[in-house]
Amino acid sequence: AQLIARNAPLQYSGLLTKQHQMSAGIKSYIWQSSRDERVRESHRKYDGEVFSWDSKGPHPRSEVNCRCDAIPVLEE
């Protein structure tokens, strides 16, 4: 129950971020990890990399206990 209570808001905010960015025409993002000792190795490797919202994923906050963020890439 504690895992669900902790994880559900993270995943929900990740879905909202994706929806808001895509509806604003933002097609890609920079993966930003929390940069602390709790970040999983795979997400540490993604830190600073650019990803497309159209890709299969994972995307920030889509995996259990992920606290990473999607920083929008604004095209000029």
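Could you list, in sequence order, all residues of segment 32-59 that are over 20 Å from Tyr12 (Cβ atoms), in a helix (DSSP H, G or I) and of a type outside the set (D, E, K, R)?
The answer is Ser42, Tyr46.
Working only within segment 41-59, note down all residues that are more than 11 Å from Ile71 (Cα to Cα), in contact (Cβ under 8 Å) with a residue 12 or more places away in the chain and open to solvent by 50 Å² or more (accessible area, probe 1.4 Å).
Within segment 41-59, Tyr46, Asp54 meet the criteria.
Does His20 meet the test of being modelled with pLDDT of 95 or more and either assigned to a loop (DSSP other than H, G, I, E, B) or among the aromatic types (Phe, Trp, Tyr) (or both)?
Numbers: modelled with pLDDT of 95 or more: yes; either assigned to a loop (DSSP other than H, G, I, E, B) or among the aromatic types (Phe, Trp, Tyr) (or both): no.
It is false that His20 is modelled with pLDDT of 95 or more and either assigned to a loop (DSSP other than H, G, I, E, B) or among the aromatic types (Phe, Trp, Tyr) (or both).
Can you pull out every residue in segment 28-40 that is at pLDDT below 95 and open to solvent by 50 Å² or more (accessible area, probe 1.4 Å)?
Residues satisfying the conditions are Arg35, Glu37, Arg38, Arg40.
Which of (1) under 16 Å from Pro72 (Cα atoms); (2) surrounded by 16 or more Cβ atoms within 10 Å (Cβ to Cβ) is the odd one out, the single condition Leu10 does not satisfy?
The failed condition is (1).
Being on the phi < 0 side of the Ramachandran plot and either touching a helix residue (DSSP H, G or I) at 6+ places or on another chain (Cβ under 7 Å) or in a strand (DSSP E or B) (or both) narrows it down to one of Ile71, Ile26, Ile4, so name that one. Let's see the steps before the verdict.
On the way: Ile26 fails: either touching a helix residue (DSSP H, G or I) at 6+ places or on another chain (Cβ under 7 Å) or in a strand (DSSP E or B) (or both); Ile4 fails: either touching a helix residue (DSSP H, G or I) at 6+ places or on another chain (Cβ under 7 Å) or in a strand (DSSP E or B) (or both).
Checking each option against the conditions leaves just Ile71.
The values are calculated or read from the model by the stated rules, or taken from the named source; none is laboratory data. All values reported here derive from a predicted model rather than from experimental measurement. Positions of Cβ are generated from backbone atoms using ideal geometry, with glycine treated the same way; all protein chains shown enter the neighbour counts. Protein only, heavy atoms only, side chains kept; ligands, DNA and RNA dropped before computing areas. Shrake-Rupley method; radii C 1.70, N 1.55, O 1.52, S 1.80 Å.
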